[in-house]
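Here the structure is laid out as structure tokens; the discussion comes afterwards.
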Amino acid sequence: MTESVLFDTTDGVLTITWNEPDRLNALTADMLDAAAAAIETASDLRLIVITGSGRAFSSGAALGPGFDGTATLDGANRLVRAITRTPVPVVSAVNGIAAGVGVSIAIAADLTLAKRSGYFLLAFVNIGLMPDGGATELVAASIGRARANRMAMLGERLSAEVAAEIGLIHKALDDEEYDAELAMLVDKLGNGPTVALGATKAAINATTLSHLDEALDRERAGQIALFSTADFAEGGQAFVDKRTATFTGR
């Protein structure tokens, strides 16, 4: 388990790294719970950074044999709550693809930085599911209802550059500039007025994400119902088979 998620705490900065690069950092319930527990139990922190190894931030939930939808959903919800509730700033360093619940985790952070080569994709519709991990609130709060519907219902892929332009993320940078920008954010936030930053975060989240808990609960109920549909069975199998799903509306 410790190899699938890496943890490093240096000078008050906790860095959490998804470490399944061969699977594009597809997330299991255990990985999500481990990350949430690290945030929930940490002390004397000034900043948290979440990133991925290899060419992806995260491709979303680890579908396929052994997939436990409810446990994965609960782990994702726990992590998003931990990110938004922790009294220190959280930075998502999106080093590549962010898809599915990977989008939710990335934008639950207070500042999201991305490589220009990356993109954001709410891929749930392609497998007969609905967005989860708080995406129905997090995305709409960032870019508005119309654009959120485009991402969620049409499976619209947003380049990192467009995501920055429309306000889904903080900034998109060329790969060679990304590390320097991340280091600057870590230095500025990690050495900033931690208590004031925490109060600012809590106030902004209270205003913009006031219904996040309800959204997480609503998504959980809807997603669990969708897990039992014929469309999800087809969508999940199509994903494993690397083909386009044929949905019947059942």
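Observations
- In order along the range 206-213, phi translates into HN-Hα couplings of 5, 7, 9, 10, 5, 10, 4, 4 Hz, rounded to whole numbers, per the Karplus curve 6.51 cos²θ - 1.76 cosθ + 1.60 with θ = phi - 60° and x for Gly and Pro.
- Each principal axis of the Cα atoms in the range 103-189 has its own extent, and those three values, largest first, are 40, 23, 20 angstrom.
- Under 29 Å of direct C-alpha separation, and excluding same-chain neighbours fewer than eight residues apart, Lys201 reaches these lysines: Lys115, Lys171, Lys188.
- Reciprocal mean inverse distance between Cα atoms of the range 28-171 - Kirkwood radius, Å: 15.0 Å
- Our helix-only sum for the chain, with -39,500 (n - 2.57) per DSSP H run of n ≥ 4 divided by its residues, gives a mean residue ellipticity at 222 nm of -15000 deg cm²/dmol.
- Binned Cα-Cα distances of the range 167-250, short to long, each 10 Å bin given as a whole percent: 13, 21, 22, 25, 17, 1
- Using the average count of surrounding beta-carbon atoms within 10 Å as a protection proxy, the listed peptides 78-91, 107-120, 186-199, 58-71 rank, highest first, as 107-120, 78-91, 58-71, 186-199.
- Working from Cα pairs under 8 Å separated by at least six residues, relative contact order for the chain is 18 percent.
- Considering only Ala180, Ala215, Ala76, the Gaussian network model of the chain with Cα springs below 10 Å gives its largest mean-square fluctuation to Ala180.
- Counting every pair of alpha carbons in the chain, the share spaced more than 32 Å apart comes to 14 percent.
- Couplings 3J(HN,Hα) for the range 108-118, derived from phi with the Karplus relation 6.51 cos²θ - 1.76 cosθ + 1.60 (θ = phi - 60°), are 5, 5, 6, 9, 10, 10, 9, 6, 4, 7, x Hz, where x marks Gly and Pro.
- Length-normalised contact order for the range 132-250 - Cα pairs under 8 Å, 6+ apart - percent: 29 percent
- Mean Cβ count within 10 Å, highest first, over the residues of peptides 124-130, 9-15: 124-130, 9-15
- Taken along the Cα-to-beta-carbon direction at a fixed 7 Å, the label points for Asp217 and Arg55 span 4.3 nm.
- Fraction of C-alpha pairs exceeding 15 angstrom in the range 39-88: 60 percent, rounded to a whole number.
- Average Cα contact separation per residue, the range 1-119, under 8 Å, 6 or more apart, as relative contact order %: 26 percent
- Along the range 165-174 the Karplus relation, 6.51 cos²θ - 1.76 cosθ + 1.60 evaluated at θ = phi - 60°, assigns HN-Hα couplings of 4, 9, x, 6, 10, 6, 7, 10, 9, 4 Hz to successive residues, with x for each Gly and Pro.
- Rg over Rh [alpha-carbon atoms, Kirkwood Rh] for the range 1-101: 0.95
- For the range 1-64 versus the range 130-149, the inter-centroid distance based on Cα atoms is 23 Å.
Every read-out reported here was derived from the displayed coordinates using simple, explicitly stated rules and does not represent laboratory data. Please read all numbers here as calculations on a predicted model, not as lab measurements. All Cβ positions, even for glycine, are placed from backbone atoms using ideal geometry, and neighbour counts span all protein chains on display.
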